[in-house]
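A short worksheet on the structure shown next.
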Amino acid sequence: LWRWGTCILAGFVLPSVIDCIAGALMPKEEASETEGGEETKKPSQVNRIRILAGVLIGDFFHNLCDGFFIGAAFSGCGTKFGWTVTLSTVLHELP
């Protein structure tokens, strides 16, 4: 039971920790370009790293939970139900 709580807590805390680390390590600068007389702002390297870290961590925990559910279906409910859960997990990834 403590593993579930640890994973859930890590899912909430880890993106904030990585965001703080990325903000401390990367300089804060806004790049801007002039395009046809208009000044457009490009996302800085820090913002790109923050977004990428959040997406990767979220996707990791999503896939981890999918694996837990598939494993629990096979071990606790039988082979037929396990394949049903596996198929539904694969299908929910399709748009």
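Among the numbered conditions (1) open to solvent by 70 Å² or more (accessible area, probe 1.4 Å); (2) over 20 Å from ILE8 (Cβ atoms), the only one that THR86 does not meet is (1). Looking across segment 67-83, the residues that are among the small types (Gly, Ala, Ser), open to solvent by less than 90 Å² (accessible area, probe 1.4 Å) and part of a helix (DSSP H, G or I) come down to GLY67, GLY71, ALA72, ALA73, GLY76, GLY82.
Listed here are the residues, each with its yes/no results for (1) more than 30 Å from LEU87 (Cβ to Cβ); (2) in a strand (DSSP E or B); (3) in contact with a strand residue (DSSP E or B) (Cβ under 8 Å, 6 or more places away or on another chain); (4) at pLDDT 75 or above.
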site: VAL17; (1), (2), (3), (4): yes, no, no, yes
site: CYS20; (1), (2), (3), (4): yes, no, no, yes
site: GLU29; (1), (2), (3), (4): yes, no, no, no
site: SER32; (1), (2), (3), (4): yes, yes, yes, no
site: ILE51; (1), (2), (3), (4): yes, no, no, yes
site: GLY58; (1), (2), (3), (4): no, no, no, yes
site: CYS65; (1), (2), (3), (4): no, no, no, yes
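The values are calculated or read from the model by the stated rules, or taken from the named source; none is laboratory data. On a predicted model such as this, the values are computed, not experimentally measured, just so you know. In this analysis, Cβ positions are derived from the backbone assuming ideal geometry, glycine residues included, and neighbour counts consider all displayed protein chains. Just so you know, the surface numbers come from the protein's heavy atoms only, side chains and all, with ligands and any DNA or RNA stripped out. Shrake-Rupley method; radii C 1.70, N 1.55, O 1.52, S 1.80 Å.
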